[in-house]
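Structure first, then comments.
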Amino acid sequence: MSSKTKRALTVAGVVVMTGGLLVGCGSSSSSTSTGSTNTTSNSSGGSSAGKKVTITWAIGSITHDNLNQQLVAGFEKAHPNITVKIQPEASNTDTTRQQLTTAIGAGATTPDVYLGDVVWPAQFGSNNLAQPLNKLFPQSFWNRFSPGLVQGATYNNNIYAAPFFVDTAFLFYRKDLLKKAGLPVPTTWEQLQSDAQTLQKKNLVKYGFIWQGDSYEGLTCDFTEYLADAGGQVLNSSGQPVLSSAAGNKAVSFMRSLITSGVTPNAVTTDQENQSMNLFEQGQVAFLRNWSYAWTDSQSAAQSKVVGKVGVVVLPTFAGESKHYSSVGGWDLYVNPHSKNLQADETFIDWLTGPEAQKILVEHGELPTNAAVAKEASSIGKSPIFGLLPQVSYISRPSQSPNYPQLSQAIYSNINAALAGSASVSDALTKADSQMKSSSSNTGL
């Protein structure tokens, strides 16, 4: 497995349970053009009050191109009275989670700020491992982020993380095959299924559409997108599971129909990102649902047979719907509730999510969470992925529950059974709801 693929699995949302890994983004002055806002009087407390402060930033995942050091250098130049010490995180998300849980749970005051998975807010917030950031930042601060991202960082009306950089899924397609068959790029799931069948009937490609259907975290991501497109949700406003619904049935029935119609092979029920990507790169697939890294990988002549033949658009939606939902992956910024440097922590996070730092992320190929930066021409010119970001409707997995690992397992194991035909759609959804309800009493990490 390539390093890019390993990273994509992590960004897609590596979810952990105790004891194991369940596998499967300027200054702080106000500027309406960049989405940056003044925070509070505390924002400048660490940098302008004259007192020198050192904070520790635990960070992993974006160590490529010395990006961590570049961000720190930019921040320290803007705020010379704050020194940032980098504390490397483990490459394994499970290990990082356990280390942070142990240290912060024991009252450690460092790290002050740490990088964490987008599915951690409820787990860490409910166990007093993360500072409620809405207590530090005013409401105006949160307006800088792309719609849907702050909701994913919220638990019990508190925001426990600031979105840093995001990853999300897109539809990759063989533009040469569509042109040959005289077909438009599909915008609905129904159209995609029809176009895929047409391409297969014309013997232009072996497989119509490939995605991630194995019993693992990636399937939770895929299913969440179809469910949102159908107008459904995993949990209602009271936190109760509601998969057994008309929307749930529509989502899973369609996913199953992709297999029974022959558009998607039966083997998809054992496919993860790596398998689906390999098939697409070998020229055997017309349409692929995958994360942003798939664009770069598909254009690598060393491993891909479809260089120059690939197009990318936002994921389709169901006919009659207007929003194109895509699961949120990526990384957030958290603050240690025991930190002795909250003012400096606030200043640091304000800068990291502001225009200067977010543009640095873009230069290195990361997807920004700052909505204004995502829309700027400089971002759009980086790759076709950046030009699509304003069209994406982000949807978070049900990470607003402290029991997210158990919830996700209930989802992907039962949806996988329905896709494989070993359980009916209705039975799978009912069982998933039941399992999620039974896990509600377990809120520990």
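With a cap of 16 neighbouring Cβ atoms within 10 Å, and only residues DSSP puts in a loop, list the trypsin sites (Lys or Arg not before Pro) found in segment 204-282.
Listed in order of number, the matching sites are Lys206.
Specify whether the C-alpha gyration tensor of segment 298-445 places it in the rounded, prolate or oblate class, a ≥ b ≥ c being the square roots of the eigenvalues: rounded for a/c under 1.5, otherwise prolate if a/b is larger than b/c and oblate if not.
oblate
Can you tell me how much longer the chain between Ile86 and Ala246 gets when fully stretched, taken as 0.36 nm per residue apart minus their C-alpha distance, in nm with one decimal?
52.7 nm
Peptides 351-357, 382-388: what's the order by average Cβ count within 10 Å, highest mean first?
The packing order, highest mean first, is 351-357, 382-388.
Projected area of segment 176-314, taken from the Cα convex hull and averaged over every viewing direction, in nm²?
If you wrap the Cα atoms of segment 176-314 in a convex hull and average its projections, you get 8.6 nm².
Could you give the nm distance between label points at Gln282 and Thr54, where each point is 7 Å from its Cα heading toward the beta carbon?
Between Gln282 and Thr54, the label points sit 5.3 nm apart.
Strictly over 31 Å apart at the Cα level, which of Lys323/Lys359; Lys201/Lys431; Lys135/Lys250; Lys175/Lys375; Lys206/Lys437 would you flag in this model?
Checking Cα-Cα distances, Lys201/Lys431; Lys135/Lys250; Lys206/Lys437 exceed 31 Å.
Label Gln151 and Thr430 with points 7 Å out from Cα along Cα→Cβ: what is the distance between them in nm?
Label-label distance for Gln151 and Thr430, simple model: 3.0 nm.
What FRET efficiency comes out for the pair Ser257/Lys323, r = Cβ-Cβ distance, R0 = 30 Å, nearest 0.05?
E between Ser257 and Lys323, to the nearest 0.05, is 0.85.
If each residue of separation counts as 0.36 nm, what is the full-extension length gain between Val307 and Ala73 once their alpha-carbon separation is subtracted?
Going from the current span to full extension adds 80.6 nm.
Can you give me the orientation-averaged projected area of the convex hull built on the Cα atoms of the chain, in nm²?
Its average projected convex-hull area is 19.8 nm².
Quick check: from the Cα gyration tensor, does segment 124-169 come out rounded (a/c under 1.5), prolate or oblate?
Oblate shape, in that a/c is at least 1.5 and b/c is the bigger or equal ratio.
Rounded to whole Å and sorted largest first, list the principal axis extents of the Cα atoms in segment 279-350.
Ordered largest first, segment 279-350 gives principal extents of 55, 41, 17 Å.
Does segment 142-196 come out rounded, prolate or oblate by the C-alpha gyration tensor, with a ≥ b ≥ c the root eigenvalues, rounded set by a/c under 1.5 and, if not, prolate when a/b is larger than b/c and oblate if not?
prolate
Amide H of Ile82 versus every other amide H placed in the peptide plane: which residues, excluding those fewer than 5 positions away on the same chain, fall under 5 Å?
Here Val53 satisfy the definition.
Rounded to whole Å, give me the distance from the Cα center of segment 344-370 to that of segment 84-108.
A separation of 21 Å, based on Cα centres.
Rg/Rh for segment 122-225: what does it come to with C-alpha atoms and Rh from Kirkwood?
That ratio is 1.18, to two decimals.
Working out 0.36 nm times the residue gap between Gln99 and Gln299, then minus their Cα-Cα distance, what length gain in nm do you get to one decimal?
Extending this stretch completely gives an extra 68.3 nm.
Please list the non-local residues whose amide H lies under 5 Å from the amide H of Asn290, H modeled 1.01 Å from N, same-chain partners needing a gap of 5 or more.
Here Phe170, Phe172 satisfy the definition.
Computed from the coordinates by the stated procedures, all read-outs in this text should not be read as laboratory data. These figures come from a predicted structure and were not determined experimentally. So basically every Cβ, Gly included, is an ideal-geometry build from the backbone, and we count neighbours across all protein chains shown.
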